[in-house]
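Just below is one structure, and these are the notes that go with it.
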Amino acid sequence: MKEGRVLVVDDERMLRETLGQMLTDEGYVVDLAVDGDTALDRVHEVKPDVILLDLMMPGMNGRQFLQALREEPAYANVPVLIMTAVHGLEVNLANVGANELVEKPFDVEDLLNKVALAVYRSRGDNLTPQPLPPTPPPHAPTADERGVVLVIEHDRARLQQLDLVLSAAGFTVVSMTRALTQLTRLARALRPRAILLDLRSEGANDVLSELRGADLSSISILAFARDALGDPVAGDSLGTAQDHDLVAFVERSR
């Protein structure tokens with residue numbers, strides 16, 4: 001179990017709770033906030049080691065939250081990772097009071113590494129860290145929500161395109177560019193509606209065998225591959241790699 005407390009601030013419920021569950025499974029104590037006002041209250045209550053912050057929120061937005069946070073000396077050095085869906089966004093982190101920028105869709109490995117580094121630095125600056133009180137786990141998604149889709153695609157441009165297509169269809173996308181060894185554990189924690197796995201991603205074959213051997217029979221898995229020209233050449237018996245086919249597969253799942 002890791003030591004550290006993370007505050008996730010995002011007005012999108014599914015994304016907020018998905019991140020919360022993923023970080024909880026990593027061993028962190030996680031607090032959730034829907035806007036800047038709620039986030040400030042949580043900061044005063046628990047003083048997190050790191051904050052994951054969405055800039056675009058109703059009410060007190062991310063920039064306003066950061067300004068209020070940095071005006072309080074006790075919280076001037078709490079690391080803040082800004083989350084954004086705008087790729088290539090130019091942000092002067094020092095001017096807004098943030099430490100790092102994380103783009104959506106998230107590369108899970110990159111996100112976890114940045115959180116771990118921020119927590120390490122935060123706790124290293126605090127010579128007498130306070131004990132972490134227990135926090136209830138995030139609520140599971142309700143039945144009327146579309147659910148989470150795990151996407152593993154080695155091509156980042158392709159990954160972003162799949163995220164746009166699936167997000168437009170109402171799904172919450174958690175993505176990565178290579179098949180991590182903890183993918184099975186992540187699938188158990190998030191219980192995604194479906195997993196889309198590019199067979200050309202690093203570690204894909206090993207992880208696919210592990211997924212099929214695990215107790216994940218309720219989760220639909222689509223494995224696919226493309227040739228050098230970008231056309232589908234080989235796939236799992238479940239389907240092909242065209243965008244409309246991928247969305248249709250997810251729609252049919254569960």
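Values in this text are rule-based calculations from the coordinates and carry no lab data. These figures come from a predicted structure and were not determined experimentally. As a convention, Cβ positions derive from the backbone with ideal geometry for all residues, glycine included, and neighbour counts pool all protein chains shown.
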- From fewest to most C-beta neighbours within 10 Å, the residues Ser122, Ser217, Ser167 line up as Ser217, Ser167, Ser122
- Non-local amide H neighbours of Val173 (under 5 Å, H modeled in plane, Pro and chain starts lacking H): which ones? Val149
- Ranked on Cβ counts within 10 Å of their own Cβ, fewest leading, Ile219, Ile152, Ile82 go Ile219, Ile82, Ile152
- Using r as the Cβ-Cβ distance of Arg156 and Asn61, and R0 as 35 Å, what FRET efficiency do you calculate, to the nearest 0.05? 0.80
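Can you order the peptides 52-63, 191-202 by their average number of other Cβ atoms within 10 Å per residue, highest first?
Numbers: 52-63: 19.7, 191-202: 21.2.
Per-residue mean Cβ counts within 10 Å order the peptides as 191-202, 52-63.
Against the empirical 2.2 N^0.38 Å scaling, what ratio does the C-alpha Rg of the range 5-124 come to?
Normalised Rg, Cα atoms only: 0.95.
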